[in-house]
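Report on the structure given below.
The values are calculated or read from the model by the stated rules, or taken from the named source; none is laboratory data. The shown structure was predicted, so the numbers you read here are calculated from the model rather than taken from an experiment. With ideal geometry, Cβ positions are generated from the backbone for all residues, glycine too; neighbour counts draw on all protein chains shown.
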Amino acid sequence: MKIGVVGTGYVGLVSGTCLAEMGNDVVCVDIDEGKINSLKKGKVPIYEPGLEDLLLQNIAEGRMSFTTKLADALDCQVLFLALPTPAGEDGSADLRYILGVAEEIGKQLAGYIVIIDKSTVPVGTAKKVAETIAKHTDRGFDVVSNPEFLREGHAVEDFLNPERIVIGSSSTRATKLMQELYSPFVRETPGKLIVTDEASAEMIKYAANAMLAARISFVNELSQLCEAVGADIEMVRRGMGSDERIGPAFLYPGPGYGGSCFPKDTQALAHMAKEQGLELSIVQSTIDANSRQKQVLPNKVRNYFKDDLKGKTLALWGLAFKNDTDDIRESPALAIIEALTKEGCNIVAYDPQATDNVAQKYQENKQLSFVHNMYDAPKDADALIIATEWKEFFAPDFERIKKLLKNPVIFDGRNLYDPSEVGGYGFYYECIGRKIVTG
């Protein structure tokens with residue numbers, strides 16, 4: 001099948017590469033000429049495990065090409081729209097990029113094509129895209145909603161071995177084409193392919209993300225209660241998660257969720273409800289709880305130093321919003337940086353992948369510096385903060401860290417260690433939802 005993908009961001013590039021891996025001919029379109037030129041050379045603009053090797057392989061085999069011209073993709077059978085939908089000030093999803101491309105499609109369309117909304121978009125977007133295209137052409141086309149369910153750090157695996165594929169379409173012709181497109185991915189498990197109407201498909205993605213975000217915020221709020229009453233959130237979440245009706249996934253306490261999906265999608269869902277005269281109080285509470293959670297680590301640091309932070313140097317391990325990605329969008333680490341540098345702290349940060357993105361964002365912040373080795377960060381620092389659960393942080397040399405720090409103090413936002421073990425090295429160790437160890 002000949003496939004077009006408009007947008008070479010996270011979703012577009014992963015989708016295009018994985019579809020090419022199944023033997024399709026894929027042309028990727030982007031208005032960023034620099035990005036397109038880099039992709040032609042096999043340079044991937046994002047960090048995603050396994051993506052670069054797959055991309056290079058499919059370029060070499062002639063199944064992937066890149067262009068800045070939309071017209072080059074309009075002779076395809078299907079055209080994916082994988083464009084940004086940033087949150088507006090009121091929380092609504094900004095559809096200007098999608099509808100702008102829809103205008104161009106309508107003006108240039110020559111024959112039947114299936115337009116696929118791959119971006120996370122509000123209910124009713126497929127209808128809006130169809131109406132926008134139809135203003136400019138009388139050629140045949142269909143618009144399908146096909147939301148992505150890719151976890152950053154596992155996106156290639158998720159696309160090639162999906163838990164489910166949702167196709168929202170009221171067109172028999174388009175549905176048949178989509179089933180054909182995805183048949184290699186569900187050959188052994190056809191029940192994973194779910195066909196719905198367009199509106200339901202659009203709602204499924206928001207509902208799933210809001211549920212996962214709510215689980216994270218619930219366990220984060222519960223962790224604060226555990227601290228107050230002397231319970232251990234790690235034992236509590238294991239006890240909860242062993243109930244098959246609940247399960248263990250997304251019940252890990254931390255410094256708050258981030259990334260490109262949960263913050264934006266919960267806000268968009270709440271906004272959609274308000275437009276219908278409804279209030280999703282659980283979703284709104286999830287948003288509010290997460291905002292508070294991002295201040296938990298800064299508050300722990302303030303309390304320990306008795307609000308005397310000016311001139312203190314703090315080591316920070318982790319900048320990405322989660323491990324195995326360089327994505328810093330809505331990362332809790334950014335909230336930590338902004339809160340503590342504002343109060344006079346100097347922060348020395350280390351991250352295996354996200355350093356360049358943070359350095360670019362905070363070029364004017366002279367209190368923030370970066371190192372390229374995890375053990376260079378705590379050198380002569382007053383404390384160590386852990387914000388991201390990179391695997392290389394799981395089993396550090398505590399004796400070495402203790403010698404490097406001015407004070408043996410660790411604030412662990414990911415509960416990576418056994419408190420009694422860390423305390424045995426003489427550290428003051430404070431994490432999320434567990435008793436403080438004073439060494």
Response to the item:
Filter segment 33-70 for residues that are outside any helix (DSSP H, G or I) and among the charged types (D, E, K, R); the one that is surrounded by the most Cβ atoms within 10 Å (Cβ to Cβ) is 48
Item to complete: Working only within segment 186-212, note down all residues that are farther than 12 Å from residue 269 by Cα, at pLDDT 95 or above and either surrounded by 20 or more Cβ atoms within 10 Å (Cβ to Cβ) or of a type outside the set (Val, Ile, Thr) (or both).
Response: 192, 193, 197, 198, 199, 200, 201, 212
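Residue-wise test of (1) in contact (Cβ under 8 Å) with a residue 40 or more places away in the chain; (2) hydrophobic (A, V, I, L, M, F, W, C); (3) assigned by TED's automatic domain parsing to the domain that holds residue 162.
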site: 12; (1), (2), (3): yes, no, yes
site: 26; (1), (2), (3): no, yes, yes
site: 43; (1), (2), (3): no, no, yes
site: 107; (1), (2), (3): no, no, yes
site: 113; (1), (2), (3): no, yes, yes
site: 119; (1), (2), (3): yes, no, yes
Practice prompt. Please state which one of 158, 138 is in contact with an Asp or Glu (Cβ under 9 Å, 6 or more places away or on another chain) and either more than 24 Å from residue 203 (Cβ to Cβ) or free of Cβ contacts under 8 Å to residues at least 40 places away in the same chain (or both).
Written response: 158
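Residue by residue, here is whether (1) surrounded by 21 or more Cβ atoms within 10 Å (Cβ to Cβ); (2) in the same structural domain as residue 301 (by TED's automatic domain parsing); (3) of a type in the set (Val, Ile, Thr); (4) in contact with a Ser or Thr (Cβ under 8 Å, 6 or more places away or on another chain) holds:
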residue: 370; (1), (2), (3), (4): no, yes, no, yes
residue: 384; (1), (2), (3), (4): yes, yes, no, no
residue: 389; (1), (2), (3), (4): no, yes, no, no
residue: 395; (1), (2), (3), (4): no, yes, no, no
residue: 399; (1), (2), (3), (4): no, yes, no, no
residue: 403; (1), (2), (3), (4): no, yes, no, no
residue: 416; (1), (2), (3), (4): no, yes, no, no
residue: 423; (1), (2), (3), (4): no, yes, no, yes
Fill in: Selection status of residue 309, outside any helix (DSSP H, G or I), out of contact with any Phe, Trp or Tyr (no Cβ under 8 Å at 6 or more places or on another chain), in contact (Cβ under 8 Å) with a residue 60 or more places away in the chain and not assigned by TED's automatic domain parsing to the domain that holds residue 239
no
Practice prompt. Out of 315, 335, 349, report the one residue that is touching a helix residue (DSSP H, G or I) at 6+ places or on another chain (Cβ under 8 Å), in a strand (DSSP E or B) and within 18 Å of residue 255 (Cβ to Cβ).
Written response: 349
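In this structure, is residue 411 of a type outside the set (Asp, Glu), under 24 Å from residue 236 (Cα atoms), surrounded by 21 or more Cβ atoms within 10 Å (Cβ to Cβ) and touching a Lys or Arg at 6+ places or on another chain (Cβ under 8 Å)?
Against the criterion (of a type outside the set (Asp, Glu), under 24 Å from residue 236 (Cα atoms), surrounded by 21 or more Cβ atoms within 10 Å (Cβ to Cβ) and touching a Lys or Arg at 6+ places or on another chain (Cβ under 8 Å)), residue 411 qualifies.
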Worksheet item: If you scan segment 1-19, which residues turn out to be under 23 Å from the mean Cα position of the chain (by Cα) and small (Gly, Ala, Ser)?
Response: 7, 9, 12, 15, 16
